[in-house]
1. Please give the FRET efficiency for ASP304 paired with GLU186, using the beta carbon to beta carbon distance and R0 = 56 Å, rounded to the nearest 0.05.
2. If DNA, RNA and ligands are ignored and the probe is 1.4 Å, what is the ranking of THR77, THR280, THR360 by accessible area, most exposed first?
3. In whole percent, how big is the carbon plus sulfur part of the accessible area of region 158-239, probe 1.4 Å, protein atoms only?
4. Please give me the summed charge of the neighbours of TYR231: other residues whose Cβ is under 15 Å from its Cβ, Lys and Arg +1, Asp and Glu -1.
5. For region 311-383, with every protein chain kept in place, what is the accessible area per residue (1.4 Å probe, Å²)?
6. Among the listed pairs LYS54/LYS75; LYS75/LYS243; LYS312/LYS412, give every one whose C-alpha distance is greater than 32 Å.
7. What nm value, rounded to one decimal, do you get for the distance between THR360 and ASN218 when each label is placed 7 Å out toward the C-beta?
8. Whole-Hz ³J(HN,Hα) for each residue in region 306-313, computed from phi via Karplus 6.51 cos²θ - 1.76 cosθ + 1.60 with θ = phi - 60°, x for glycine and proline: what do you get?
Amino acid sequence: MNVRATIALVFLGLMAIELPAQQPFRYTSREEDDRRRAEQQAAQLQQRPVLPEKLLEKLDQIRKSGELSGSGGGKDTAYYHYHILFYDVLRPNVEAPFDTQGLRPEMTSQVLSLCGLGDAKPPQRFPYETVLLLGELRKNKMAKELSELAEDSSQPTAVRYACIFALYRAGEPFRADLLISILENESNFESRVIGLIALMHGGEKSVPTLVKHLQDANVEIATAAACGLYYARPPEAVPLLDKAYRRYAHGSPPLLILSALERYENEPCRQVLAGLIRDTLDGKLPMQNMYRILSAFEDACDQDWQRVAGIKEFDPVVEAEAALEWYAQHRMKWEQQQQTLLAKVVNAKVQLEVAQHVETVRHEEYKRLLLLQGDEIVTPEMSQAAHARWQTVKEEVAQMQQELTQSEAQLKGLNADGR
């Protein structure tokens with residue numbers, strides 16, 4: 001081979017080498033092509049612009065992260081939405097499950113187009129991934145319009161939900177007032193379920209709305225309302241939770257209603273669960289749900305029914321009978337303790353009243369002797385002795401007052417557990 005040919009071959013070999021910074025073409029995988037095609041089709045169906053590649057990558061990262069997958073239950077169930085909202089979405093200031101580099105302010109409207117912003121068609125199902133993206137945009141001060149859109153009643157519910165949830169995820173106050181106003185007229189089933197569950201972060205102001213929907217004829221709506229009561233735990237909801245469970249017990253077991261009930265961990269809650277166990281043993285409620293009721297009762301009483309029953313393998317009837325026997329003894333002890341504390345408080349009040357009267361008498365005696373001492377009718381020693389008697393009674397009154405306060409606090413705590 002001559003020199004010219006050798007040089008030519010070397011030159012062609014160098015030209016074939018692909019340098020990282022000089023790649024003129026980038027071949028995509030079938031998966032990427034399919035994703036782009038699916039995004040284009042979705043954009044057409046939803047009547048919105050095609051999302052930019054950077055945004056599609058972040059959406060892919062969210063999907064692949066395992067977030068927003070739920071934990072059992074169909075997508076039309078409160079169970080499904082509860083798990084996503086509680087464990088993945090409504091968590092302030094948590095690390096994002098995607099690369100937050102490359103976020104841009106214009107992405108806010110692009111993300112919200114997935115929820116139906118502007119001319120885009122509202123989605124058939126709420127796109128939870130939008131909340132995660134919007135939350136990061138808000139944290140980085142790139143989504144300034146979220147508050148205004150959340151308050152805009154002309155916007156689709158999905159847009160307002162995404163904004164409300166993203167604001168909370170970014171560490172800002174939860175806008176329960178907006179959710180409550182949306183739910184007043186909302187007819188979409190999924191939107192009602194999502195809104196009611198999200199109200200668990202709404203505090204006391206959310207209670208009337210949740211209590212109202214707890215009585216709904218639809219089991220998923222009632223279950224969503226029960227989830228919304230997890231933190232507020234209003235006393236008036238206990239009998240309604242009891243009725244809700246009984247109303248739906250013969251269908252799919254309303255587990256989250258039982259969960260909401262057991263979270264009270266007080267006497268009314270324990271009484272209701274004990275009643276459910278009794279009625280299940282009597283055949284009024286389906287036996288297949290017994291282990292779930294026993295589990296809720298176990299948590300509410302902080303007991304292990306298998307240990308209480310003295311058995312090694314699960315036996316619903318044996319455990320149920322042992323649980324009811326334990327609770328009967330517990331209830332008797334509780335009532336005895338309440339009666340003892342009540343009698344102690346009543347007696348302490350009577351003794352305090354007598355002691356206060358004696359203190360007043362001693363004080364008046366001391367003041368009278370001081371006047372007589374000034375007229376040299378009594379000696380200073382006599383008035384000093386009167387002062388000592390007054391101080392002694394005064395200290396006794398203070399001690400009695402302290403003991404009464406402690407007893408009243410104990411009784412109040414016991415009664416609070418019973419409410």
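The values are calculated or read from the model by the stated rules, or taken from the named source; none is laboratory data. Note that the coordinates shown come from a computational prediction; the quantities given were computed from them, not determined experimentally. Neighbour counts run over all protein chains shown; Cβ positions are idealised from the backbone, glycine included. Please note that ligands, DNA and RNA were not included when accessible areas were found on the heavy atoms of the full protein model with its side chains. Shrake-Rupley method; radii C 1.70, N 1.55, O 1.52, S 1.80 Å.
1. E(calc), rounded to 0.05, equals 0.85.
2. Descending accessible area places them as THR360, THR77, THR280.
3. Here it works out to 49 percent.
4. +1
5. 71
6. Over 32 Å apart, Cα to Cα: LYS312/LYS412.
7. Here the modelled spin labels are 6.5 nm apart.
8. Rounded to whole hertz, the list is 5, 5, 4, 7, x, 10, 9, 10.
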